[in-house]
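Student: Have a look at this one.
The values are calculated or read from the model by the stated rules, or taken from the named source; none is laboratory data. Everything numeric in this text was worked out from a predicted model, so none of it was measured. Here the Cβ is made from the backbone with ideal geometry for all residues, glycine too, and neighbour counts use every protein chain on show. Just so you know, the surface numbers come from the protein's heavy atoms only, side chains and all, with ligands and any DNA or RNA stripped out. Shrake-Rupley method; radii C 1.70, N 1.55, O 1.52, S 1.80 Å.
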Amino acid sequence: FDHLFRCIKAEGRRVINNITRAASLFLVKTMFSLMLAVIVIIANEAYPFVPIQLTLISALTIGAPSVFLALEPNKNRITGNFLEKVLKKSLPGALTVVFNVVMIMIVGAYLHLDQQQISTLAVISTGLIGLVILFRVCQPLDNKRWALFFAMTVSFLCCVLFLEDLFFLTPIADFLPAMYIVLGITMVDIYPLLRIFSWSVNQVEKMLNRGQKEKNTTKATVLEK
């Protein structure tokens with residue numbers, strides 16, 4: 001029975017820890033899609049993605065990696081609140097995507113790019129951010145995780161470069177100056193934005209926890225009286 005108990009406990013840890021890791025990838029797309037939808041409705045602008053483009057991003061930065069990560073062994077102890085941990089990992093990435101896509105829409109309008117060109121830049125930018133988030137989720141890296149990250153990166157680049165018609169993308173050669181400007185800014189700001197948004201989320205969490213403690217303390221004092 002002792003051996004059976006240890007096996008069940010190890011399997012439970014693997015499932016919960018791996019689901020926590022995979023869920024953070026899925027929530028990034030859910031949150032940035034929702035936030036972008038609200039922004040374009042308020043701004044009365046076209047949504048920057050078409051469904052097939054979101055499929056590309058989801059498959060290579062969320063779907064396929066999640067399958068492999070969910071099947072990995074994981075014997076780490078379960079700590080913290082599930083929803084809290086997932087939100088802390090996914091919200092900074094979603095905010096980074098929203099910031100860069102909105103920037104692309106603004107710069108694209110200023111440079112008089114058409115909707116397909118803006119969508120192409122948004123797809124490349126979001127894909128890069130998704131790969132950076134995947135890289136962070138894969139920590140600590142081993143040979144299998146390096147292979148997974150490398151395979152997803154190469155697959156994304158091949159789709160963007162050679163399957164433009166399938167994913168309704170404009171060939172990159174058609175607007176190189178705009179691509180260099182926008183993607184250069186995106187590649188530079190990904191890491192700082194992730195750090196800034198992560199810090200902001202942590203500060204909000206501390207404020208909420210402090211408020212909850214004060215509320216519990218006040219309630220305990222009232223009960224004592």
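Student: Kindly evaluate Ser155 against the criterion of being surrounded by 14 or more Cβ atoms within 10 Å (Cβ to Cβ), under 21 Å from Cys138 (Cα atoms) and at pLDDT 75 or above. Show your work before the answer.
Tutor: Working: surrounded by 14 or more Cβ atoms within 10 Å (Cβ to Cβ): yes; under 21 Å from Cys138 (Cα atoms): yes; at pLDDT 75 or above: yes.
The answer is yes for Ser155.
Student: Looking at the stretch 182-194, I want the residues that are in contact (Cβ under 8 Å) with a residue 12 or more places away in the chain and open to solvent by less than 60 Å² (accessible area, probe 1.4 Å) and have a partner that is of a type in the set (Lys, Arg) and part of a helix (DSSP H, G or I) with Cβ atoms under 9 Å, at least 6 apart or on another chain. Which pairs are those?
Tutor: Once the first residue is in contact (Cβ under 8 Å) with a residue 12 or more places away in the chain and open to solvent by less than 60 Å² (accessible area, probe 1.4 Å) and sits in the stretch 182-194, its partners that are of a type in the set (Lys, Arg) and part of a helix (DSSP H, G or I) give Leu194/Arg136.
Student: Could you give every pair whose Cβ atoms fall below 6 Å, whose first residue belongs to the stretch 43-55 and is on the phi > 0 side of the Ramachandran plot, and whose second residue is assigned to a helix (DSSP H, G or I) and modelled with pLDDT under 90, counting only separations of at least 6 or pairs across chains?
Tutor: Qualifying pairs under 6 Å: none.
Student: Just give me the residues in the stretch 40-59 being open to solvent by 80 Å² or more (accessible area, probe 1.4 Å) and within 20 Å of the chain's Cα centre (by Cα), in sequence order. Walk me through how you get there before you give the answer.
Tutor: At the first step, the residues of the stretch 40-59 found to be open to solvent by 80 Å² or more (accessible area, probe 1.4 Å) are 41-42, 44-45, 51.
Pro51, the sole residue that qualifies.
Student: Could you tell me how many of the residues in the stretch 1-25 are under 16 Å from Glu84 (Cβ atoms) and either at pLDDT below 70 or within 11 Å of the chain's Cα centre (by Cα) (or both)? Lay out the reasoning, then the answer.
Tutor: Filtering the stretch 1-25 down to residues under 16 Å from Glu84 (Cβ atoms) leaves 16-17, 19-21, 23-24.
Narrowing the set further to residues that are either at pLDDT below 70 or within 11 Å of the chain's Cα centre (by Cα) (or both) leaves 23-24.
The total comes to 2.
Student: Same structure again: One residue is enough: does the stretch 107-125 have a residue meeting the conditions assigned to a helix (DSSP H, G or I), without any contact (Cβ under 8 Å) to a residue 40 or more places away in the chain, open to solvent by 10 Å² or more (accessible area, probe 1.4 Å) and more than 17 Å from Ile190 (Cα to Cα)? Don't jump to the end; show me each part of the working.
Tutor: Start the filter on the stretch 107-125 by keeping residues that are assigned to a helix (DSSP H, G or I), which leaves 107-110, 115-125.
Cutting the leftovers down to without any contact (Cβ under 8 Å) to a residue 40 or more places away in the chain gives us 109-110.
Then drop every residue that is not open to solvent by 10 Å² or more (accessible area, probe 1.4 Å), which leaves 109-110.
Narrowing further to those that are more than 17 Å from Ile190 (Cα to Cα): 109-110.
Checked against the condition, which is being assigned to a helix (DSSP H, G or I), without any contact (Cβ under 8 Å) to a residue 40 or more places away in the chain, open to solvent by 10 Å² or more (accessible area, probe 1.4 Å) and more than 17 Å from Ile190 (Cα to Cα), the stretch 107-125 yields at least one hit.
Student: Please determine, by comparing only the residues of the stretch 126-151 that are among the polar types (S, T, N, Q) and in a helix (DSSP H, G or I), which one is nearest to Gln53 (Cα to Cα).
Tutor: Here is the first cut: in the stretch 126-151, the ones among the polar types (S, T, N, Q) are 126, 139, 143.
Now restrict to residues that are in a helix (DSSP H, G or I): 126, 143.
On the way: Thr126: 10, Asn143: 29 Å.
Once the filter is applied, the top-ranked residue is Thr126.
Student: Kindly evaluate Phe135 against the criterion of being open to solvent by 40 Å² or more (accessible area, probe 1.4 Å), within 21 Å of Leu27 (Cα to Cα) and without any contact (Cβ under 8 Å) to a residue 60 or more places away in the chain.
Tutor: yes
Student: Go through the stretch 60-74 and report how many residues are open to solvent by less than 50 Å² (accessible area, probe 1.4 Å) and out of contact with any Phe, Trp or Tyr (no Cβ under 9 Å at 6 or more places or on another chain).
Tutor: Our first condition is that a residue be open to solvent by less than 50 Å² (accessible area, probe 1.4 Å); within the stretch 60-74, this holds for 60-66, 69-70, 72, 74.
If we keep only those that are out of contact with any Phe, Trp or Tyr (no Cβ under 9 Å at 6 or more places or on another chain) too, we end up with 64, 69-70, 72, 74.
Within the stretch 60-74, residues that are open to solvent by less than 50 Å² (accessible area, probe 1.4 Å) and out of contact with any Phe, Trp or Tyr (no Cβ under 9 Å at 6 or more places or on another chain) number 5.
Student: Oh, and also: Do you know which residues across the stretch 16-38 are of a type in the set (A, V, I, L, M) and open to solvent by less than 60 Å² (accessible area, probe 1.4 Å)?
Tutor: Of all residues in the stretch 16-38, those of a type in the set (A, V, I, L, M) come to 16, 19, 22-23, 25, 27-28, 31, 34-38.
Within the stretch 16-38, Ala22, Ala23, Leu25, Leu27, Val28, Met31, Met35, Leu36, Ala37 meet the criteria.
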